[in-house]
């Protein structure tokens, strides 16, 4: 019997998810023994044509990380969907849009203009923009085009499972791989991981008083008491609105949760939920006092929607069609 | 989106014309036709009056003939008829919560002027309801027993009457009064208009009935500081202020007063509006209930700045003898009361006449407030009914009574205080009777709309009391003619005669209006009631629920709800008692099942919800490290549901599925 074929692919991502696969350390060898890796651009050399030539559904599982931001990424996502039995959105960007989706706060034109014309690091006056195609010496080269909006994988193609995290932890990756190899599969659409919020796993949880409110917002570098619940100290922590499963890696490492695992299955909009919770618990009751307190959160979108903007109800700044 | 269970959903839709209330602005047949095209809608009708018996029977008939399992009615406000239609749906054999109501009257036909747009809006709202009702689940109404005891807050005539009515019906009543005696403002009045009954003669029998009634526990010199719980099961915390007298030992002999180290009364007497004097140990007035003295720590020599020093020789204690009723060691205590219903009868405060400096109250000694005059003409008052000026000897020969002081005035209080015209007439009559002086009334409009009131006004006109129509500009002691010397001059535009007049008087009386107590907002918050813009407690419906509040089981009577006279107050107190009795005798309340609950396995124990609940229904279970909602306390406000960051609190009738479906429905229409 031939070994199951597995593919790893990356779209709009930082590469951290690829690192996690490597982070499986010795375990990776066990995986490699049991499967044939047919595509892994970060580590091995495969050509587009090789994949294109494969019969549909011939890949057992594709782990795709990164958001979908360009025409090339969309094309690859669609092709890998066709070729794979299971398509797994791997990591926060594929799951909920991730950091790249913060670009949805701005129209594409504004992004291109700043990055290629106005940024202070550019040579003034050149204003060179990337061209979709360019012919020189009789040869034409092409570039993919940027979409108007950044999307999560399931906003482009059908997704079977989600492995959350920025990046997913080795433990949760192993759980996903084990599930696939053992054939003991959860219902389609499942996010691998528990379905309660992070506080459950956080060792600071017991230090949170029953009655508390936000008098002012602090940032993690300000004098904080070790081991105490961040929220109780006035630091925005996404823990209560974020799916558990990371074993509270950030909070036990001295930083508040930033929400990379996304909300629980019961929540449509993680950012709106934590926003609703935090604002309900403000000590201030008068409008100007409330404004003053909230000014302590200088970047609300980046705070509450750091990973989830693409999948949120907010979606994007302008109501543009998603394709160019 | 379609779930298998939805395949079996069969919705009946009804749009009500409400006569022309809705049909004049909304094309009801067109809405019915549109809704008929929506998924799961089996039938869609328009009908003249859905709330009528035939309308309700139509729903019941359709449920059985068309196997409907969901019903939507688009008509008026759910506040009015949700109960009616839920009843009809239940009578048709369905769970009443498989029903949803769309308000296309208050939210649509009554507030729009363009029929095409109003019709489009009705379609959108109906679409939302159709989407939502498909998600509805069967729910159960819970019955919670009603505690039969009643708390009455405030011991004026309203509280007294309500307490006696309930006590006579066999209910146990706790009457809490913050002053040392019950009686309220009415106890201060001399006579009552228009019959000129002696106020004390009709009030004091009721007061002593309260004092001796086996079913009434009178907590005087006490204040309610906290109210927890919900209709049928309230827990009130009452602060008992120290009166330094043991209530069960004091016999009311008043030997202590006679033997106080102060031989003469020295301190302003609150009951007589400061016109008389009292000792540090005193009884507010002869008929005070309870007949128990009180020691004022601010003036008693045994205290300094309210703190016990023990430096007085305590002749009062010696006088009390082996009754041993005087107890200087008393401190504030708190008592918890379990009751099912609460009647709020906290009354009013008189407008502070100093807020209108042009009338000179506090500046000219012979400018009086109406309440001062009530005490001055009273036989048991500070002058034994002998009307003299503040010098204590001169009888006034001319008296001017100014109406609407702190009423009907944009600068102070805009409302009419309703009783000032009549008490001014009464005082005019009494002052004339006591002194034979010339009495003038300065009024804006004469308001005498009660039984026998207009006749009383006629009587006053015949008695020779003068009436000048005009709002008084000022009261001044600046004499311009010799006959104005040493007098108070009222300057007024006589709007009937058409010129400005100056009239000199020996005495000026200000008919001060009625306003909410200074701490009415605190009481409102404590009892979870609402206030109108003027600060009086708000009734649930001005016409149809005049003594109910927006909090179930809390009722209102008397001037805390708005200015009114004694007959209206007593009638209201009776009505409030009847409302409480209705609840108590029913024995249980039905609780709306729109409560919130926590998915116990999923709760991460983040405590975000705990401080938010306005009804203190959420507690933290420290053993399981999870939040717990007491369903009986939950009012279904949804605050915790919205704030739960992990979506673990769910509210019946408002779960995400229902709300998002509703939103999708309302947005589906182009």
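The values are calculated or read from the model by the stated rules, or taken from the named source; none is laboratory data. These figures come from a predicted structure and were not determined experimentally. Heads up, the Cβs are rebuilt from the backbone with ideal geometry, glycines too, and the neighbour counts pull from every protein chain shown.
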Residue list for region B:633-664, filter: outside any helix (DSSP H, G or I) and buried (at least 20 other Cβ atoms within 10 Å of the Cβ): B:634, B:635, B:644, B:645, B:646, B:647, B:648, B:649, B:651, B:652
Which ones in region B:203-216 are outside any helix (DSSP H, G or I) and surrounded by fewer than 18 Cβ atoms within 10 Å (Cβ to Cβ)? B:213, B:214, B:215
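For region A:252-273, give me the residue count where each residue is within 12 Å of chain B (Cβ to nearest Cβ) and closer than 22 Å to residue A:192 by Cα.
Applying the first criterion (within 12 Å of chain B (Cβ to nearest Cβ)) to region A:252-273 yields A:257, A:259, A:261-273.
Next, only the ones that are closer than 22 Å to residue A:192 by Cα stay: A:257, A:259, A:261-271, A:273.
So the count comes out to 14.
Residues B:126, B:236, B:158, B:200: which one is under 18 Å from the mean Cα position of the chain (by Cα) and in a helix (DSSP H, G or I)? Working first, answer last.
On the way: B:126 fails: under 18 Å from the mean Cα position of the chain (by Cα); B:236 fails: in a helix (DSSP H, G or I); B:200 fails: under 18 Å from the mean Cα position of the chain (by Cα).
So the residue among B:126, B:236, B:158, B:200 that is under 18 Å from the mean Cα position of the chain (by Cα) and in a helix (DSSP H, G or I) is B:158.
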Among (1) within 14 Å of chain B (Cβ to nearest Cβ); (2) outside any loop (DSSP other than H, G, I, E, B); (3) out of contact with any helix residue (DSSP H, G or I) (no Cβ under 6 Å at 6 or more places or on another chain), the one test that residue A:195 misses: (2)
Tell me whether region A:180-199 contains one or more residues that are more than 19 Å from the chain's Cα centre (by Cα) and within 23 Å of residue A:300 (Cα to Cα). yes
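Does residue B:578 count as assigned to a helix (DSSP H, G or I), over 18 Å from residue A:270 (Cα atoms) and either in contact with a strand residue (DSSP E or B) (Cβ under 7 Å, 6 or more places away or on another chain) or more than 8 Å from chain A (Cβ to nearest Cβ) (or both)? Walk me through it before giving the result.
On the way: assigned to a helix (DSSP H, G or I): yes; over 18 Å from residue A:270 (Cα atoms): yes; either in contact with a strand residue (DSSP E or B) (Cβ under 7 Å, 6 or more places away or on another chain) or more than 8 Å from chain A (Cβ to nearest Cβ) (or both): yes.
The answer is yes for residue B:578.
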Restricted to region A:215-247, and to residues that are more than 25 Å from the chain's Cα centre (by Cα) and not in a loop (DSSP other than H, G, I, E, B), which residue is nearest to the other protein chains (Cβ to nearest Cβ)? A:232
If a residue must be farther than 12 Å from residue B:344 by Cα, in a loop (DSSP other than H, G, I, E, B) and in contact with a helix residue (DSSP H, G or I) (Cβ under 6 Å, 6 or more places away or on another chain), how many such residues does region B:518-547 contain? 1
Say whether the condition of being touching a residue at least 12 places away in the same chain (Cβ under 8 Å), closer than 25 Å to residue B:142 by Cα and more than 14 Å from every other protein chain (Cβ to nearest Cβ) is met by at least one residue in region B:561-573. no
State all residues of region A:269-297 that are in contact with a helix residue (DSSP H, G or I) (Cβ under 7 Å, 6 or more places away or on another chain), surrounded by fewer than 23 Cβ atoms within 10 Å (Cβ to Cβ) and closer than 24 Å to residue B:657 by Cα; if no residue qualifies, say none. A:275, A:276, A:277, A:280
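If you go through region B:634-645 one residue at a time, how many are more than 10 Å from chain A (Cβ to nearest Cβ) and out of contact with any strand residue (DSSP E or B) (no Cβ under 6 Å at 6 or more places or on another chain)? So that I can check it myself, show each step before the final result.
Taking region B:634-645 and keeping what is more than 10 Å from chain A (Cβ to nearest Cβ), we get B:634-638.
Filter again for out of contact with any strand residue (DSSP E or B) (no Cβ under 6 Å at 6 or more places or on another chain), leaving B:635-637.
So the answer is 3.
Residues of region B:623-633 being out of contact with any helix residue (DSSP H, G or I) (no Cβ under 8 Å at 6 or more places or on another chain) and either more than 13 Å from chain A (Cβ to nearest Cβ) or touching a residue at least 60 places away in the same chain (Cβ under 8 Å) (or both), which ones?
Result: B:630, B:631, B:632, B:633.
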Quick one: which residue in B:360, B:385 is modelled with pLDDT under 95 and at positive phi? B:385
Which is in contact with a helix residue (DSSP H, G or I) (Cβ under 8 Å, 6 or more places away or on another chain), surrounded by fewer than 21 Cβ atoms within 10 Å (Cβ to Cβ) and more than 26 Å from residue A:102 (Cβ to Cβ), of A:169, A:207? A:207
For residue B:668, indicate whether it is within 14 Å of chain A (Cβ to nearest Cβ), surrounded by fewer than 22 Cβ atoms within 10 Å (Cβ to Cβ) and more than 25 Å from residue B:95 (Cβ to Cβ). no
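In region A:274-315, which residue that is assigned to a loop (DSSP other than H, G, I, E, B) and more than 27 Å from the chain's Cα centre (by Cα) is nearest to the other protein chains (Cβ to nearest Cβ)?
From region A:274-315, those assigned to a loop (DSSP other than H, G, I, E, B) are A:281, A:283-286, A:295-299, A:305-315; that's our starting set.
Filter again for more than 27 Å from the chain's Cα centre (by Cα), leaving A:281, A:283-286.
Numbers: A:281: 6, A:283: 10, A:284: 14, A:285: 12, A:286: 15 Å.
In this case the residue turns out to be A:281.
Condition first: under 19 Å from residue A:260 (Cβ atoms), more than 14 Å from chain B (Cβ to nearest Cβ), out of contact with any strand residue (DSSP E or B) (no Cβ under 8 Å at 6 or more places or on another chain) and surrounded by 15 or more Cβ atoms within 10 Å (Cβ to Cβ). Can you find one or more residues in region A:175-186 that meet it? It would help to see each step written out before you state the result.
At the first step, the residues of region A:175-186 found to be under 19 Å from residue A:260 (Cβ atoms) are A:175-176.
Imposing the further condition that a residue be more than 14 Å from chain B (Cβ to nearest Cβ) reduces the set to A:175-176.
Right, trim to out of contact with any strand residue (DSSP E or B) (no Cβ under 8 Å at 6 or more places or on another chain) and you get A:175.
Pick out the ones that are also surrounded by 15 or more Cβ atoms within 10 Å (Cβ to Cβ) and you get A:175.
The answer is yes; a qualifying residue exists.
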Considering each residue of region B:49-63, count those that are part of a loop (DSSP other than H, G, I, E, B) and out of contact with any helix residue (DSSP H, G or I) (no Cβ under 8 Å at 6 or more places or on another chain), and give that number. 1
For residue B:225, all conditions in the list (1) outside any loop (DSSP other than H, G, I, E, B); (2) surrounded by 21 or more Cβ atoms within 10 Å (Cβ to Cβ) hold save one; what is the number of the exception? (2)
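Does residue B:617 meet the test of being crowded, with 20+ Cβ neighbours inside 10 Å, away from every other protein chain (no Cβ under 12 Å) and touching a helix residue (DSSP H, G or I) at 6+ places or on another chain (Cβ under 7 Å)? Before you say what the answer is, go through the steps one by one.
Values: crowded, with 20+ Cβ neighbours inside 10 Å: yes; away from every other protein chain (no Cβ under 12 Å): yes; touching a helix residue (DSSP H, G or I) at 6+ places or on another chain (Cβ under 7 Å): no.
So residue B:617 does not fit the description; no.
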Pairs where the first residue, in region B:587-610, is under 19 Å from residue B:654 (Cβ atoms) and within 14 Å of another protein chain (Cβ to nearest Cβ) and the second is at pLDDT below 90 and crowded, with 21+ Cβ neighbours inside 10 Å, C-beta under 6 Å, 6+ apart: B:596/B:634
Checking residue A:212 against (1) modelled with pLDDT under 90; (2) surrounded by 15 or more Cβ atoms within 10 Å (Cβ to Cβ); (3) closer than 30 Å to residue B:628 by Cβ; (4) more than 9 Å from chain B (Cβ to nearest Cβ), the condition it does not meet: (4)
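Quick one: is residue A:23 at pLDDT below 80 and under 23 Å from residue A:307 (Cα atoms)?
Here the answer is yes, as residue A:23 does meet what is asked.
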